[in-house]
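Contents: one structure, followed by commentary.
Derivation of every value follows stated rules applied to the coordinates shown; laboratory data play no part. All values derive from a computational prediction rather than experimental measurement. With ideal geometry, Cβ positions are generated from the backbone for all residues, glycine too; neighbour counts draw on all protein chains shown.
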Amino acid sequence: MFSIEATNAKKWRWIAGVFKDRSAAEAFLQAIPDANRAMQQLVELSVASYPIFVIEDRGFEYGDLSFVRARLGALVPCGDEDHVHMNVYAIREDFVPVKPGVDSMGSLPHWHITDRALVPPRSEVFDEELARIARNA
């Protein structure tokens, strides 16, 4: 499994694509316009199959359902409902945006983890949403 991660001059980060096969990832990377290709990098993932869950928190971490559950279990509500602890994305198959190299992560199923998502009943509903994705991949 391979991801193409990007960081622009403003230090904004995004995942430009995720692929099961290296050859598909490399072909997609070559389809990115030259001006933007320099800010993209190919990353080999330790995850072997879909679905992949991505945690965005000052960078990207990739894992399975147990990985996300562990990270969520380590979070403590901070008392500020507007604070986003992290974002969680679910990728069920190759993520191949129509326009290579741009930020299309908003099209992926994703959740902004705030204090509300860390406590029942929302935490239980969220866990079931993640489990359903893992079962139906």
How many of the residues in the stretch 69-101 are surrounded by 14 or more Cβ atoms within 10 Å (Cβ to Cβ), within 15 Å of the chain's Cα centre (by Cα) and under 21 Å from residue 6 (Cα atoms)?
11
Here are 47, 43, 98: which of them is among the β-branched types (Val, Ile, Thr) and out of contact with any strand residue (DSSP E or B) (no Cβ under 8 Å at 6 or more places or on another chain)?
98
